[in-house]
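Trainee: Below are the structure tokens for one structure; questions will follow.
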Amino acid sequence: MRNGVNITVKELIVKTLKINGIDYICITDIAKQKNPFEPKDVVKNWMRLKNTLEYLGLWEMLNNPAFKGVEFDSF
């Protein structure tokens, strides 16, 4: 089941989505706070950060039984 609500953060609408009881937020909408014209650039820069990659790798190890850490090391 998919449903969500919009929340307002600093006068900016951020979409949310609930899938199977798990809440998700739209990081592109959040990035519009920093760059309303090219939020994808904000997301791209965030995805390149060492801490972000470490977090994503840890999240995958904890939540994805098919995760292949050796393949992830190249990132």
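Trainee: Which one, T52, G21, N63, projects farthest toward the positive side of the charge dipole computed for the chain from Cβ point charges (K/R +1, D/E -1)?
Mentor: G21
Trainee: Something else: Among the chymotrypsin sites (Phe, Trp or Tyr not before Pro) within segment 1-61, which fall in a DSSP loop and have no more than 10 other Cβ atoms within 10 Å of their own Cβ?
Mentor: F37
Trainee: By how many nm would the segment from E38 to L56 lengthen if fully extended, with 0.36 nm per residue of separation less the alpha-carbon distance?
Mentor: 4.2 nm
Trainee: Next up: Run through the chain and list the GluC sites (Glu not before Pro) located in a DSSP loop whose Cβ has at most 14 other Cβ atoms within 10 Å.
Mentor: For GluC sites (Glu not before Pro) across the chain that sit outside H, G, I, E and B with at most 14 neighbouring Cβ atoms in 10 Å, the list reads E11.
Trainee: Let me ask you something else. Residues with amide H under 5 Å of G4's amide H, sequence separation 5 or more or different chain, H placed in the peptide plane at 1.01 Å from N; which?
Mentor: K18
Trainee: Just subtract the alpha-carbon distance of N20 and V70 from 0.36 nm times their residue separation and send over the number in nm, one decimal.
Mentor: Separation in residues times 0.36 nm, less the Cα-Cα distance, equals 15.0 nm.
Trainee: So how strong a dipole does the chain carry about its Cα centre when Lys and Arg Cβ are +1 and Asp and Glu Cβ are -1, to the nearest 20 debye?
Mentor: 220
Trainee: In whole Hz, with x marking every Gly and Pro, tabulate ³J(HN,Hα) for segment 34-51 from phi via Karplus 6.51 cos²θ - 1.76 cosθ + 1.60, θ = phi - 60°.
Mentor: Rounded to whole hertz, the list is 7, 9, x, 8, 9, x, 4, 5, 5, 5, 4, 5, 5, 5, 8, 5, 4, 5.
Trainee: For K40, go through the aspartates and glutamates and keep the ones whose alpha-carbon is under 12 Å away, minus same-chain ones fewer than eight residues off.
Mentor: D29
Every read-out reported here was derived from the displayed coordinates using simple, explicitly stated rules and does not represent laboratory data. Predicted model only: the values in this text are computed from it and were never measured. All Cβ positions, even for glycine, are placed from backbone atoms using ideal geometry, and neighbour counts span all protein chains on display.
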